[in-house]
Amino acid sequence: MKYSGRSIKRLYDDKFVTGRSSYVDDLQVSAMHAGFVRSPYAHAKIKSIDTSEALKSPGIVAVFTYKDFSPLLKRGIGIWETYEDPKQWKFVARKALADNKVRFVGEPVAIVIGSDKYSVRDAVDKVNVDYERLPSAVSMEDALKDKVIIHEELGTNVGFDSTFSGGDVEGSFKQADKIISVEITNNRLIPSPMEPRGIIASYESGTLNVWYSTQVPHAARSEFSKVLGIPSSKIRVIMPDVGGAFGSKVNIMPEDLSVVLSSIKLGRPVKWVATRSEEMLASEARHNTFKGEVAVKSDGTVLGIKGDLLVDLGSYLTYTAPLQPAIIPLMIPSAYRIRSASIRSRAIYTNTPPITMYRGASRPEATFIIERIMSTVADELKLDDVEVREKNLVKPDEVPYTNVFGLKYDSGDYISLLRSGVNKLGYYDMRKYAEEERKKGRKVGVGMAFYLEISGFGPWEYGEVRVDENGDVIVITGGTPHGQGTETAIAQLVSDALQVDISRIRIVWGDTEIVASSMGTYGSRTISAAGSAAQVAASQVLEKMKKVAARIMKVDVEEVEYREGEFINKKDERVKVSWDDVAKAGYTGTDPGIYAQVTLQGDVTFPYGVHVALVEVDDYGIVRVKEYKAYDDIGNVINPALAEGQIMGGTVQAVGQAIYEEAIINDDGGLAVTYADYFIPTPVEVPQITSFFAEKPHVSAYPVGSKGVGEAALIVGPAAIVRAIENAVNKPINKTPVRPEDLI
Amino acid sequence: MYPPKLGYVIAENLEEATDFLEKHEDAKALAGGHSLIPMLKLRIIRPSYLVDIRRISNLHFISPGSDEIRIGSLSTHYEISKANIPLLSETATKIADPQVRNMGTIGGVISQLDPSADYPASLIAMDAKVKVKGKTERTVSFKDFAKDMFTPDLNPGELVTEIIVPAFKDYKFSYQKLERKAGDYAIVGVAVLLKTDGESIKDVRIGLTAVNNTAVRATEAENMLKDTRISEEIIEKASAKVMDYANPVSDIRGSAEYKKKVTKVMAKRAILEALKR
Amino acid sequence: MLVRPGEKVKVKVKVNGIWYEKEVEPRKLLVHFIREDIGLTGTKIGCDTSTCGACTIIMNGKSVKSCTLFAFQANGAEITTIEGIGDSKLHPIQEAFKDNFALQCGYCTPGMIMQTYFLLKTNPNPTEEEIKDGLHGNICRCTGYQNIIKAVKDAAGRMR
């Protein structure tokens, strides 16, 4: 193995450091620009829309509303049916523009198309919409009353109501020595990738080409096809460079659809790039509360959990929102042996911007809940955090382990990892240091949290490897990296499989015309699923090369051995043929062509780890996370620097979620923050981050053996940081974000 | 993100600028643009014309003197931060971020008078004077110039030309700014200037910003410290008194109660930091 | 000189060593001018509140947020964008960013590199604190900044 396991430099950084990157706004496509007229009200009837003034505006080509689009729509935007079951949901598919009602402040009501962005913005102000305001339900509590119904045809604001239960909850509560109540909240936040999303749609003679800042070009193609009734063979979706996503760009938005429809109606390319304000409206996440009780024995054993989970949906069910209420309960048991649990999970519509998903998508919520429970149990029973967890962790001989809700954890030794992690990270020394500092009057605290997460989602991923007649290699992957650097890791895998220099390998992705099929990059699955598919395809390609070599050397294929660029006759090692010669020969003679396409099935896997945070709270309640340390078992690590990069990025997002970021909704239902007061951490706010990966990793079933690391730090970080803050100020805290005024 | 239609004028000298501003009441002067342009992008204001005053070279200078320092209104925060002006240079280093400091001007800041701006705490502590020119020239104390939030004492056709501060030789100073995150507006900003003589404080000035409509002097707290021996106790008492001068509003940066609490803590910090010098 | 609302103004700017002359509306932001009229899309737009720094360029020797300037304010100015540092080879800052894994999605990178360029010009040997303070007008959402800080230290060393 020459490359795997090493921190190989990223292959395509030159374009990014020289400004030659091409995000959707950089593409030189001669397109009209689009802008949106948006509702100023949280809930209102649309009485009329007068576009005449706007149409007279210089440079304006069209103004469309729902009535212009509805004849072209077969249905609204659905949900991500690969992972979500529509039968469990009450929802109305999202149309391209508001029809007769608006349901949140900022909802797009009309699209204005013109020759430049400035004139379009001017014309947006000239569209006159006559609204009749309606009472609104902004909070989940209000919406639950079902007095103001947001979607009349549903008759209720409850979009999802499902109880997850297993074991004997009543019995476990009867056996308990103590029942502990908890109320745990995550407040709404915004993924905020640096690149606001955008789309260019070009409809011409029945064919639709779309350049799209997306994570899922094939899913987008499929959805556009269903919504518009255009065969997917006539739709091409191309992913240019994408400036980050964190889950938010799996979502397919009504704005995107409106741009496509505009292009169809006009027969011309139309482009929309969100402003930052629009990007903040486009993707919000994680607004949930858990109220419950935990049955424990005085030695810290958790016997059962019961509770109520409320998840805010915002005003519409988005493509990705259904994941959260369905998966959070499943992951609450984490790696602990909790054999009785009953969790009612409800998702509520409110007159607020719709909720989508954000890095971790349900696992941060679940981990925050269970780790707050474990820490609360520790505090109530006056036990140590590590002790309580170790007491409850599933033992290695119980793994594979099926949790109380039926999820099967594949591989792992949670107790060993907890012990090694706590040791390697110096947790107890850090706790002692914090205690000593507190004696001196400083509010220093250390907290830990453990996580088990679900990643590497299947059901499959695509990998294709081609060797051309010069012996160079193109890998076409179904993964869709957008910053993670996994394309480099995939190249490492293929390089090792083929034993060719990595400089001969090019990785291609993101174009539905070029990539036969794909699921994409999300859920920490790329190196596991896409990497494995590419690796398997590479080994198939190698077999084909061997056959060609056998033909050249006039031996049976079983007698051919491949080593370091040479195909060798096992029976007479002087007889050999080079990689390049075999490649050339592979395109002459009979049976030409050297490539393999693999659609590799796969299923979820469960990485886990322990993270520790050290914080100091100053006299102003301002929290500084000084140190953050991670110890993770993520299976095989293909590129340590890239994996560490994911931990570091996730850590700073965890710092953001724990103490800075809050997407405040005001009483009128509108987003009350701009990017200037939605506090994304700057370099000044970051801790010293140290990341370790388990010395003896437990592999997944994927051929690559990795489990995924993209989301880990944001999954467990908030819990570790909040625990550290509690330690510093000696006050219980069960929400994110923690505000300075909560601490002084 | 997209400013509304506007016209503009490049003023070659001060007279051109003030003439035009007087004739067009909804025109706005453009210096660094870092207060004005963000507002234009959000379409909060819609001036007919912008009057670009950056070419007016006699507004762009810093003249140190033995008694007082004269600062042209076009001086950037970066230039002020490098100019060794007691208290004011330190204040300039804490405004926004480096890129904004390269463009933003002191004239621009005090013409806007955002209640959370940083300079006003220091200017009021320093008894700064502001020179204003329109048809006539006048000099007014910064205290009087800052009438209310976003309300400078500027008539149509008038521009701030100069800010004058005493040289404050032998004074110790500190500007302490509490931010939610680096580069943000102040939750509270406290400017302290003091002169010591051995163990006692001979003169002290304390300016506060972000916790009222305009910057204020905590005069009673100053009086408590004047001609006293430095002690933990008196500093504590004075800081508590400073808190009385804070009347903040609850917003995303904190509740009113929180802001009042931290005013006291910040005042103490500013006094202690100044004494350390 | 007076330009009425709706009229255009001639702007002459030197960008990366080449003079350009274009006619634009007074309200056109400098970042749009650079990206569209000059055609250099390396400078990015990341926000609408002058917060993120993705649009950072060097104008007359100082780093500025080009989204908070009008194109006409750059008339007669000398501008350097990300496309203008380094020539036939990568600039040491660009090399350091690559070598230290200081980028992931790359969107903040041009602005980050330009601000680093300005920082190191004014402070060739910054401490970690000075680097953090010098870059706090540039937001990154992917890397967690640690590798960026390493890259800046590394670049400073290469440039001494």
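The values are calculated or read from the model by the stated rules, or taken from the named source; none is laboratory data. Remember, it's a predicted structure, so these values are computed and weren't measured experimentally. Cβ coordinates were reconstructed from backbone atoms using ideal geometry, including for glycine residues, and neighbour counts include every protein chain displayed.
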Kindly evaluate A:A641 against the criterion of being surrounded by fewer than 24 Cβ atoms within 10 Å (Cβ to Cβ), within 21 Å of the chain's Cα centre (by Cα) and modelled with pLDDT of 95 or more.
yes
I want to confirm something. Restricting to region A:44-75 and keeping residues that are of a type in the set (G, A, S) and touching a helix residue (DSSP H, G or I) at 6+ places or on another chain (Cβ under 7 Å), which single residue is surrounded by the most Cβ atoms within 10 Å (Cβ to Cβ)?
A:A54
Got at least one residue in region B:61-72 being of a type outside the set (S, T, N, Q) and within 14 Å of chain A (Cβ to nearest Cβ)?
no
If we keep just the residues of region B:86-98 that are touching a helix residue (DSSP H, G or I) at 6+ places or on another chain (Cβ under 7 Å) and within 14 Å of another protein chain (Cβ to nearest Cβ), which is surrounded by the fewest Cβ atoms within 10 Å (Cβ to Cβ)?
B:T93
Tally, over region B:144-180, of residues that are in contact with a helix residue (DSSP H, G or I) (Cβ under 6 Å, 6 or more places away or on another chain) and charged (D, E, K, R):
2
Close pairs from region A:69-80: first among the charged types (D, E, K, R), partner assigned to a loop (DSSP other than H, G, I, E, B), Cβ under 8 Å, at least 6 apart
A:K74/A:G229; A:R75/A:A93
Lone unmet requirement of (1) surrounded by fewer than 24 Cβ atoms within 10 Å (Cβ to Cβ); (2) within 10 Å of another protein chain (Cβ to nearest Cβ); (3) among the β-branched types (V, I, T) for C:I148:
(1)
Total residues in region C:53-76, condition under 13 Å from the mean Cα position of the chain (by Cα) and more than 7 Å from every other protein chain (Cβ to nearest Cβ):
8
On the given criteria, is A:V377 at pLDDT 95 or above, under 18 Å from A:A613 (Cα atoms) and part of a helix (DSSP H, G or I)?
no
The strands (runs of 3 or more DSSP E) lying entirely within region A:445-514 that contain at least 3 residues which are over 27 Å from C:R141 (Cα atoms) and under 23 Å from the mean Cα position of the chain (by Cα) are A:460-467
Within region B:1-38, of all residues that are more than 14 Å from chain A (Cβ to nearest Cβ) and of a type in the set (K, R), the one nearest to B:V132 (Cα to Cα) is B:K28
Would you check which residues across region B:172-206 are away from chain A (no Cβ under 13 Å) and over 19 Å from the mean Cα position of the chain (by Cα) and list them?
B:K195, B:T196, B:D197, B:G198, B:E199, B:S200, B:I201, B:K202, B:D203
What's the number of the only condition in (1) surrounded by fewer than 22 Cβ atoms within 10 Å (Cβ to Cβ); (2) not in a loop (DSSP other than H, G, I, E, B); (3) not hydrophobic (A, V, I, L, M, F, W, C) that A:G304 fails to meet?
(1)
In region B:103-118, how many are more than 14 Å from chain C (Cβ to nearest Cβ), of a type in the set (S, T, Y) and either crowded, with 23+ Cβ neighbours inside 10 Å or in a helix (DSSP H, G or I) (or both)?
1
Scope region C:1-26; condition under 20 Å from the mean Cα position of the chain (by Cα), in a strand (DSSP E or B) and surrounded by 12 or more Cβ atoms within 10 Å (Cβ to Cβ); matching residues:
C:V11, C:K12, C:V13, C:K14, C:V15, C:Y20
Among all residue pairs at least 6 apart or on different chains, which show Cβ distances below 8 Å where the first residue, located in region A:388-401, is outside any helix (DSSP H, G or I) and the second is acidic (D, E) and modelled with pLDDT of 95 or more?
A:V399/A:D410; A:V399/A:D413; A:P400/A:D410
Of the residues in region B:158-182, those that are crowded, with 23+ Cβ neighbours inside 10 Å and closer than 30 Å to A:E661 by Cβ number 4
Exception for A:D668 within (1) more than 21 Å from the chain's Cα centre (by Cα); (2) more than 14 Å from chain C (Cβ to nearest Cβ); (3) outside any loop (DSSP other than H, G, I, E, B) falls at (3)
With the condition kept exactly as written, say whether any residue in region A:407-415 is surrounded by fewer than 16 Cβ atoms within 10 Å (Cβ to Cβ), on the phi < 0 side of the Ramachandran plot and under 27 Å from the mean Cα position of the chain (by Cα).
yes
Give me a count of the residues in region C:32-45 that are touching a Lys or Arg at 6+ places or on another chain (Cβ under 8 Å) and either buried (at least 22 other Cβ atoms within 10 Å of the Cβ) or under 23 Å from C:G86 (Cβ atoms) (or both).
7
Quick one: is A:G35 surrounded by 16 or more Cβ atoms within 10 Å (Cβ to Cβ), modelled with pLDDT of 95 or more and within 21 Å of A:P353 (Cα to Cα)?
yes
